[in-house]
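Student: One structure follows; several queries about it will come next.
The values are calculated or read from the model by the stated rules, or taken from the named source; none is laboratory data. These numbers were taken from a predicted model, which means no experiment stands behind them. Here the Cβ is made from the backbone with ideal geometry for all residues, glycine too, and neighbour counts use every protein chain on show. The accessibility values were calculated without ligands, DNA or RNA, using every heavy atom of the protein model including side chains. Shrake-Rupley method; radii C 1.70, N 1.55, O 1.52, S 1.80 Å.
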Amino acid sequence: MIRIALKSMSIAPIAGVLLLLLGDPVVAADPEHGKMLYEACAACHTDRPDARGASLKGVFGRKSAAVEDFRYSNPMKRANLIWDEENLRAYISDPQGKVKGNRMPYGGLSDTKDVDDVVAYLKTLR
């Protein structure tokens, strides 16, 4: 009897309920939106020798405190991180929480979608 009832039901309402229960579908990160957000970062993170922040070109996969001729804080030197997705997300969300005592005067991004978008953009910088 149950089998007959299910066969006659449309799958659309069930799929809708499942989507509500499971939450939003995963949306791919948007590097173009990340680029727009990165404009604020670019004020300090440039290739200039007198830049306040290290260049982020090639940051994805790089060891922390690895840019030649940039004066890193001691906490950043000791962090011994590889800038992979996990570490970049954590740092962009809460720089002081990830590397306590670093010099970056930035509170972090709170929107996880924005963080994902910035990470996606950073991956394009070579």
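Student: Using θ = phi - 60° and the Karplus relation 6.51 cos²θ - 1.76 cosθ + 1.60, list the HN-Hα couplings for the stretch 108-113 in order, rounded to whole Hz, with x at every Gly or Pro.
Tutor: After applying 6.51 cos²θ - 1.76 cosθ + 1.60, I find x, 9, 9, 7, 4, 5 Hz.
Student: Over the Cα atoms, compute the radius of gyration (one decimal) and Dmax (the largest Cα-Cα distance, rounded to a whole number) for the stretch 21-85, in Å.
Tutor: Rg and Dmax of the stretch 21-85, Cα atoms, are 15.3, 52 Å.
Student: What FRET efficiency, computed as 1/(1 + (r/R0)^6) with R0 = 22 Å and r the Cβ-Cβ distance, is obtained for Arg126 and Glu85, rounded to the nearest 0.05? The partial results should precede the final answer.
Tutor: Numbers: r = 16 Å, r/R0 = 0.75.
Approximately 0.85, to the nearest 0.05.
Student: If you don't mind, another one. Assuming R0 = 41 Å, can you tell me the calculated FRET efficiency for the pair Ser73 and Thr112, based on Cβ-Cβ distance, to the nearest 0.05?
Tutor: On the way: r = 26 Å, r/R0 = 0.64.
Using R0 = 41 Å, I get an efficiency of 0.95.
Student: Can you give me the accessible area per residue for the stretch 44-126, using a 1.4 Å probe, in Å²?
Tutor: Working: 4950 Å² over 83 residues.
Accessible surface, normalised per residue, equals 60 Å².
Student: Provide, as a two-decimal number, the C-alpha radius of gyration of the stretch 61-122 over 2.2 N^0.38 Å, N being how many residues it has.
Tutor: Numbers: Rg = 11.4 Å, N = 62, 2.2 N^0.38 = 10.6 Å.
This ratio for the stretch 61-122 stands at 1.08.
Student: Report, in debye and to the nearest 20, how large the dipole of the stretch 36-126 comes out about its Cα centre when Lys and Arg carry +1 and Asp and Glu carry -1 on their Cβ.
Tutor: Values: 15 positive and 13 negative charges, 88 e Å.
Taking the Cα centre of the stretch 36-126 as origin, the dipole is about 420 debye.
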